[in-house]
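Data first, discussion second: the structure below is written as structure tokens.
The values are calculated or read from the model by the stated rules, or taken from the named source; none is laboratory data. Keep in mind that this is a model prediction, so the values were computed, not measured. Neighbour counts are summed over all protein chains in view; Cβ atoms, including those assigned to glycine, are modelled from backbone coordinates with ideal geometry. These accessible areas exclude ligands, DNA and RNA; they are computed on the full protein's heavy atoms, side chains included. Shrake-Rupley method; radii C 1.70, N 1.55, O 1.52, S 1.80 Å.
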Amino acid sequence: MNPPNTPPTRPVHPLQLAAEGDDLVIVWSDSTRTTLSWSKLRKNCPCAGCRAEREKPAPLLPIIQLEEAQPARPKSIDPVGRYAYQIKWADGHDSGIYSFEYLRSLG
Ligand SMILES: [Zn+2]
């Protein structure tokens, strides 16, 4: 039981999201600021497909992929429940759900 008049502790959550040039800037409820570049977010897409891709052994010769040749750009960012954002990318990829915790850990 919580003592009376103690507000329930809410996990840290974003107060503000802003696109600034090549970056996503997040202002958190604890007034921390996180700046993440779109390419970093795209490269660290947490969906199962991208995770499997990242866990593959690196090729002997670097292969430039289309997504790396073009700068990553978001088409839209939509809130998912109260814990995450879904980023839809201009390249059509949209299965990555970025939880608040994950966004914090990337920053
Ligand atoms: Zn993905």
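Pairing residues of the stretch 85-107 that are more than 14 Å from the ligand (Cβ to nearest atom) with residues that are open to solvent by less than 40 Å² (accessible area, probe 1.4 Å) and β-branched (Val, Ile, Thr), at Cβ distances under 7 Å and at least 6 apart in sequence or on separate chains, gives LEU103/ILE26; LEU103/THR34; ARG104/THR34; GLY107/THR34. Among the residues making up the stretch 21-30, those that are out of contact with any helix residue (DSSP H, G or I) (no Cβ under 7 Å at 6 or more places or on another chain) and either open to solvent by less than 40 Å² (accessible area, probe 1.4 Å) or at pLDDT below 95 (or both) are GLY21, VAL25, VAL27, TRP28. Does ARG33 fit the bill of being away from the ligand (no atom under 11 Å from the Cβ), at pLDDT 95 or above and open to solvent by 90 Å² or more (accessible area, probe 1.4 Å)? Considered against the rule, which asks whether it is away from the ligand (no atom under 11 Å from the Cβ), at pLDDT 95 or above and open to solvent by 90 Å² or more (accessible area, probe 1.4 Å), ARG33 comes out as yes. Of all residues in the stretch 41-97, exactly one satisfies the criterion of being of a type in the set (D, E, K, R) and open to solvent by less than 40 Å² (accessible area, probe 1.4 Å), namely ARG42.
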